[in-house]
Amino acid sequence: MATDRAADLAPFELPARTGGRGWFVVFEGGEGCGKSTQARLLAQRCGALLTHEPGGTRLGTALRRLLLDHDAGDLDRRAEALLMAADRAQHVAESIRPSLEAGRAVVCDRYLGSSVAYQGHGRGLDPGEIRDLSLWATGDLEPDVVVYLVVGENETLRRTGAPRDAIEAAGAEFHHRVRQGFESQAEADPDRWVRVDGSGTVPEVAERVSSALRARLRERS
Ligand code: TYD
């Protein structure tokens, strides 16, 4: 029977990283691709700090409410982009960078690639400007590896059901553009982005994630 219990999956030992810093691994993908489950399992298996955006800090929790609450009213798309970047700035300063510098790996559920896909491609802002905004906000902190979980568009709709927040409710066209935004980032930066098939059971996907990551991190250590 399918299970998502980390106890049933073998521990995953990260290779040593030159310079003593921790590895920074990010999961990206559209709604309902299973990345939150896979991020949690990977972090448990390798003893990494598990965190997420938007909302990985106290400030972030407040920003997340403003960003995703159905009742918050229509947010201007530039305001939305700036709030996502503010969330990321605080998250990196308070949590991600200190952990990496202390030698502990970080697994983050969404990061800069989500802003490029959602606020750039989805909302129709310049993806390059959105990326630069996030790089400025984070002092140029980019992940070592981005695990891009891919599921079919119909599968995504089936898994998510009724929209749970204001961004999920944005409509099929919007989510199609978001998907193209992820695809074009994966194509443009193949050394950092690794596409992983998100179909199948949770343990099957977890094994695909760990073998893709093992190969990628070995190249980069
Ligand atoms: P998340 O909590 O990961 O939700 P889900 O489980 O549906 O993936 O993210 C909440 C929403 O925030 C999601 O619709 C994507 C959106 N988002 C952006 O639009 N820009 C960003 O930079 C980030 C990090 C998330």
Problem set entry | Test: residue in the range 135-158 that is assigned to a helix (DSSP H, G or I) and among the small types (G, A, S) | yes
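Within the range 209-218, identify whether any single residue is within 30 Å of D8 (Cβ to Cβ), outside any helix (DSSP H, G or I) and in contact with a Lys or Arg (Cβ under 8 Å, 6 or more places away or on another chain), and answer yes or no. Explain how you work it out, then say what you get.
Kept after step one, since they are within 30 Å of D8 (Cβ to Cβ), are these residues of the range 209-218: 209-218.
In the following step, the residues that additionally are outside any helix (DSSP H, G or I) were identified as none.
No, the range 209-218 contains no residue that is within 30 Å of D8 (Cβ to Cβ), outside any helix (DSSP H, G or I) and in contact with a Lys or Arg (Cβ under 8 Å, 6 or more places away or on another chain).
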For this session: Considering each residue of the range 159-208, count those that are in a helix (DSSP H, G or I), over 21 Å from G113 (Cα atoms) and within 14 Å of the ligand (Cβ to nearest atom), and give that number.
Result: 1
For this session: Report the residue count in the range 9-21 for those that are farther than 16 Å from Q44 by Cβ and at pLDDT 85 or above.
Result: 6
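Could you say which residue among L63, L75, L67, L83 is part of a loop (DSSP other than H, G, I, E, B) and under 25 Å from G128 (Cβ atoms)? Please lay out each step first, then the result.
Details: L63 fails: part of a loop (DSSP other than H, G, I, E, B); L67 fails: part of a loop (DSSP other than H, G, I, E, B); L83 fails: part of a loop (DSSP other than H, G, I, E, B).
Answer to the check: L75.
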Exercise. If we scan the range 174-190, do we find a residue that is within 21 Å of R45 (Cβ to Cβ), out of contact with any Asp or Glu (no Cβ under 8 Å at 6 or more places or on another chain) and without any contact (Cβ under 8 Å) to a residue 40 or more places away in the chain?
Worked result: no
Exercise. Would it be correct to say that L50 is among the aliphatic types (A, V, I, L, M), away from the ligand (no atom under 11 Å from the Cβ) and surrounded by 15 or more Cβ atoms within 10 Å (Cβ to Cβ)?
Worked result: yes
Problem set entry | In the range 86-122, the residues that are more than 8 Å from the ligand (Cβ to nearest atom) and within 15 Å of L67 (Cβ to Cβ) | A86, A89, Q90, H91
Exercise. Does the range 32-41 include one or more residues that are surrounded by fewer than 19 Cβ atoms within 10 Å (Cβ to Cβ), away from the ligand (no atom under 15 Å from the Cβ) and part of a helix (DSSP H, G or I)?
Worked result: no
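The values are calculated or read from the model by the stated rules, or taken from the named source; none is laboratory data. Note that the structure is predicted; figures quoted are calculated from it, not measured. For neighbour counting, all protein chains shown are included, and Cβ atoms are generated from backbone atoms with ideal geometry for every residue, glycine included.
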